[in-house]
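Visitor: Can you read through this structure? Questions will come right after.
The values are calculated or read from the model by the stated rules, or taken from the named source; none is laboratory data. Computed from a predicted model, the values in this text were never measured in an experiment. With ideal geometry, Cβ positions are generated from the backbone for all residues, glycine too; neighbour counts draw on all protein chains shown. SASA here: full protein model, heavy atoms, side chains in, ligands and nucleic acids out. Shrake-Rupley method; radii C 1.70, N 1.55, O 1.52, S 1.80 Å.
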Amino acid sequence: MIELLDDQQRPVGPFGTLTGGQALAVLQREGSLLVSANAGSGKTMVLAERYLHLLRYDGLAAGEILAISFTDKAAGELRRRIRSRLIETGGREHVRSLDTAWISTFHGVCGRILRAHAVRIGLDPEFVVLDEGDARAIRGEAFDEALAALFAEGDSADVELAAAYSVETLREIVLGLYD
């Protein structure tokens, strides 16, 4: 098995010894950790190496580690790099566990938790998270239905309010407040 630390106990990544800041992010265990840096600076590599250290040196199981990114693409890349480094460094026993590991986006983690408890909380376990375009369309449909119901009630104050604005202006106001 290839060691992930050099003879001075500094983390070694796929391209050699990590820089001071990178090493700190890989080795820090107290408190929370947020890795923020410019594009191309090695954030994904650092997170992959940290994950490897948690598995290999700290003895955690993949199911005990939560790694969250902002995009599906970044989460997929992180998972791919961890898998590759596990194979490269002799940690094959951990590779299969990555299939169900908590490496995801914020909405992916929340969706997974909700699906696990869907029946208990009254959700359809096959619910889907809408993309922004679909969500916008449904909000527009909901506005149209609510406006029609408002007019159907025939309350003169509601009709006067609607008459003071165009339907598009009301839509912008209501949906803007919702957003």
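Visitor: Across region 6-24, which residue is farthest from residue 59 (Cα to Cα) among those that are modelled with pLDDT of 90 or more and touching a strand residue (DSSP E or B) at 6+ places or on another chain (Cβ under 9 Å)?
Guide: The selected residue is 22.
Visitor: Right, residue 112: touching a residue at least 12 places away in the same chain (Cβ under 8 Å) and either within 21 Å of the chain's Cα centre (by Cα) or open to solvent by 80 Å² or more (accessible area, probe 1.4 Å) (or both) or not?
Guide: Working: touching a residue at least 12 places away in the same chain (Cβ under 8 Å): no; either within 21 Å of the chain's Cα centre (by Cα) or open to solvent by 80 Å² or more (accessible area, probe 1.4 Å) (or both): yes.
Here the answer is no, as residue 112 does not meet what is asked.
Visitor: Considering region 53-76 alone, what residues qualify as being farther than 22 Å from residue 24 by Cα and assigned to a helix (DSSP H, G or I)?
Guide: Passing the criteria: 63, 72, 73, 76.
Visitor: Exactly one condition in (1) closer than 19 Å to residue 23 by Cα; (2) exposed (fewer than 13 other Cβ atoms within 10 Å of the Cβ); (3) touching a residue at least 60 places away in the same chain (Cβ under 8 Å) is false for residue 90; which is it?
Guide: (1)
Visitor: I need a count of the residues in region 3-52 that are aliphatic (A, V, I, L, M) and surrounded by fewer than 10 Cβ atoms within 10 Å (Cβ to Cβ). Steps first, answer last, please.
Guide: Our first condition is that a residue be aliphatic (A, V, I, L, M); within region 3-52, this holds for 4-5, 12, 18, 23-27, 33-35, 37, 39, 45-48, 52.
Of the ones still in play, those that are also surrounded by fewer than 10 Cβ atoms within 10 Å (Cβ to Cβ) are 34, 39.
Here the count works out to 2.
Visitor: Regarding residue 172, is this residue open to solvent by 80 Å² or more (accessible area, probe 1.4 Å) and over 30 Å from residue 5 (Cα atoms)?
Guide: On the way: open to solvent by 80 Å² or more (accessible area, probe 1.4 Å): yes; over 30 Å from residue 5 (Cα atoms): yes.
The answer is yes for residue 172.
Visitor: Which number in (1) under 19 Å from the mean Cα position of the chain (by Cα); (2) charged (D, E, K, R); (3) open to solvent by less than 50 Å² (accessible area, probe 1.4 Å) marks the one condition that residue 73 misses?
Guide: That leaves (3) as the condition not met.
Visitor: Here's a follow-up. Answer yes or no as to whether residue 105 is among the hydroxyl-bearing types (Ser, Thr, Tyr), under 30 Å from residue 5 (Cα atoms) and open to solvent by less than 90 Å² (accessible area, probe 1.4 Å). First the steps, then the outcome.
Guide: Numbers: among the hydroxyl-bearing types (Ser, Thr, Tyr): yes; under 30 Å from residue 5 (Cα atoms): yes; open to solvent by less than 90 Å² (accessible area, probe 1.4 Å): yes.
Considered against the rule, which asks whether it is among the hydroxyl-bearing types (Ser, Thr, Tyr), under 30 Å from residue 5 (Cα atoms) and open to solvent by less than 90 Å² (accessible area, probe 1.4 Å), residue 105 comes out as yes.
Visitor: Residue 84: open to solvent by 30 Å² or more (accessible area, probe 1.4 Å) and not in a loop (DSSP other than H, G, I, E, B), yes or no?
Guide: On the way: open to solvent by 30 Å² or more (accessible area, probe 1.4 Å): yes; not in a loop (DSSP other than H, G, I, E, B): yes.
Yes: the conditions hold for residue 84.
Visitor: Still on this structure: Could you tell me whether any residue of region 122-134 is within 28 Å of residue 71 (Cα to Cα), open to solvent by less than 80 Å² (accessible area, probe 1.4 Å), part of a helix (DSSP H, G or I) and touching a strand residue (DSSP E or B) at 6+ places or on another chain (Cβ under 9 Å)?
Guide: No, region 122-134 contains no residue that is within 28 Å of residue 71 (Cα to Cα), open to solvent by less than 80 Å² (accessible area, probe 1.4 Å), part of a helix (DSSP H, G or I) and touching a strand residue (DSSP E or B) at 6+ places or on another chain (Cβ under 9 Å).
Visitor: Still on this structure: Can residue 68 be described as of a type outside the set (D, E, K, R) and under 19 Å from residue 12 (Cα atoms)?
Guide: On the way: of a type outside the set (D, E, K, R): yes; under 19 Å from residue 12 (Cα atoms): no.
Taking the combined requirement at face value, the residue does not satisfy it.
Visitor: For residue 98, work out the one condition from (1) under 30 Å from residue 125 (Cβ atoms); (2) assigned to a strand (DSSP E or B) it doesn't fulfil.
Guide: (2)
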